[in-house]
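Trainee: Just passing along the structure, written as structure tokens.
The values are calculated or read from the model by the stated rules, or taken from the named source; none is laboratory data. In this text, all values refer to a predicted model and were calculated from it rather than measured experimentally. Cβ: placed from backbone, ideal geometry, glycine included. Neighbour counts: every protein chain shown. Remember, those area values only see protein heavy atoms, side chains included, never the ligands or the DNA or RNA. Shrake-Rupley method; radii C 1.70, N 1.55, O 1.52, S 1.80 Å.
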Amino acid sequence: MRGDTAVILVTGATGFIGSNLVRRLAAEAKPVRALVRDAEKARRVLGPDVETITGNIAEPVSLARAAEGADTIIHLVGIIQEARGATFEGIHVRGTENILAAAVRAGARRFVFQSALGTRPNAPSRYHQTKWRAEELVRASGLSWTILRPSLVYGPGDDFTTRLADVIRLSPAVPVLGSGKSRFQPVYVDDMTACLARATDDVHAGRTFEVGGPDVLTLDQIVEEIAKALGRRRSFVHVPIPFVRPAARLFEIFLPSPPVTVDQLTMLGEDNVCAENAASSLVETPLVPFREGIRRVFSGPASRT
């Protein structure tokens, strides 16, 4: 680092992981700067004391302002499904290309990229394909880089468990896509942000880390633990993925925010488990077990209504 005042720029700073990371870095008294699209939202989410630059990864001028004077950039921007004006190609590939170019021009030294577990050459999903291409850009950038590939990241306010909880509350029988046997390694958001913060250390440069929690769970087990945290007993109705795929294609055509996409169904058919979990070596405290973490998410009075 360039001394104790070297700035850490975080992209995607008002998102679920980004907002938690910015608050962690600020609490650790690290000089953090947030690239945000909405300054008013940033003040609400991050607080008034965090330095913000308004812009986005499609605007090179705003990226140049954001990267100026930054020693380290932590790039978190990503999407799980496409929408009008936001494609996997545009966000994952061209967006990463833009922020890397800004980092190089600004003289930044370290670049930490959040990819995704399952990213690999010739992956079947377009999500993972474009994440792989972004990783390749990072590795070829000439910067000192570190890549993290997390499994499912959950915590208060995450979209995945919130949606599942809504279904559990509303339906006596929970529809589960596929066999329910696909395996995941959910990582609590505090552990994920600790990994990201530690990944800025020079000792981790030039490495790709898979990151997960301490438990490997099937989708059925994840749904069951959420139901228990909500104080509900629910049965499951498994819906074969081939039956859902035609509907998902129609959702993508006619709905601006489809409940499920063909690409997500493709990913759901794969296990999402670390070959070698690096989280325990990056986090200085024991990893949060899923049962404990999910109870933290749904422990408030509002969660039981």
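Trainee: Carbon and sulfur together cover what percent of the accessible area of the chain at a 1.4 Å probe radius?
Mentor: 54 percent
Trainee: Cα centroids of the range 37-56 and the range 242-295: how far apart, whole angstrom?
Mentor: Result: 28 Å between the Cα centres.
Trainee: Out of the GluC sites (Glu not before Pro) in the range 217-305, which ones are loop residues according to DSSP with at most 10 other C-beta atoms within 10 Å?
Mentor: GLU276, GLU284
Trainee: What share of the DSSP beta bridges in the range 130-275 is antiparallel, in percent to the nearest 5?
Mentor: 15 percent
Trainee: I'd like the Kirkwood hydrodynamic radius of the range 85-205, using the inverse of the mean 1/r over distinct C-alpha pairs, in Å.
Mentor: 16.5 Å
Trainee: In the range 1-86, how does Rg compare with the Kirkwood Rh, expressed as the Rg/Rh ratio over alpha carbon atoms?
Mentor: 0.96
Trainee: Can you tell me what share of the DSSP beta bridges in the range 51-200 is antiparallel? A percent to the nearest 5 is fine.
Mentor: If we restrict to bridges inside the range 51-200, about 10 percent are antiparallel.
Trainee: To the nearest µm²/s, what D does Stokes-Einstein give for the chain at 4 °C and 1.567 mPa s, using the Kirkwood radius over alpha carbon pairs as Rh?
Mentor: This corresponds to a translational diffusion coefficient of 65 µm²/s.
Trainee: Taking the mean number of other Cβ atoms within 10 Å as a proxy for protection, how do you rank 177-184, 73-80 from highest to lowest?
Mentor: Averaged packing, sorted descending, gives the order 73-80, 177-184.
Trainee: Shifting gears a bit: Using per-residue counts of other Cβ atoms within 10 Å, averaged over each peptide, order 257-267, 187-197, 142-152 from highest down.
Mentor: Per-residue mean Cβ counts within 10 Å order the peptides as 187-197, 142-152, 257-267.
Trainee: For the range 49-118, just say rounded, prolate or oblate: build the C-alpha gyration tensor, square-root its eigenvalues into a ≥ b ≥ c, call rounded for a/c under 1.5, and beyond that prolate if a/b exceeds b/c, oblate if not.
Mentor: It comes out prolate by the Cα gyration axes.
Trainee: Among the GluC sites (Glu not before Pro) within the range 1-90, which fall in a DSSP loop and have no more than 13 other Cβ atoms within 10 Å of their own Cβ?
Mentor: GLU28
Trainee: Here's a follow-up. Output the Cα-based Rg and Dmax of the range 200-305 in Å, rounding Rg to one decimal and Dmax to a whole number.
Mentor: 18.1, 49
Trainee: Can you give me the accessible area per residue for the range 119-216, using a 1.4 Å probe, in Å²?
Mentor: So the range 119-216 comes to 39 Å² accessible per residue, rounded to a whole number.
Trainee: Whole number in Å², please: accessible area per residue of the range 225-305, 1.4 Å probe, ligands, DNA and RNA not counted.
Mentor: 59 Å²
Trainee: Quick check for you: with a 1.4 Å probe and neighbouring chains kept, what is the accessible area per residue of the range 1-69, in Å²?
Mentor: Ligands and nucleic acids excluded, the result is 51 Å² per residue.
Trainee: Can you give the calculated 222 nm mean residue ellipticity of the chain, where each DSSP H run of n ≥ 4 adds -39,500 (n - 2.57) and the sum is split over every residue, rounded to the nearest 500 deg cm²/dmol?
Mentor: It lands at -11500 deg cm²/dmol.
Trainee: Looking at the chain, what % of its DSSP beta bridges pair antiparallel, to the nearest 5?
Mentor: Antiparallel bridges make up about 10 percent of those DSSP assigns within the chain.
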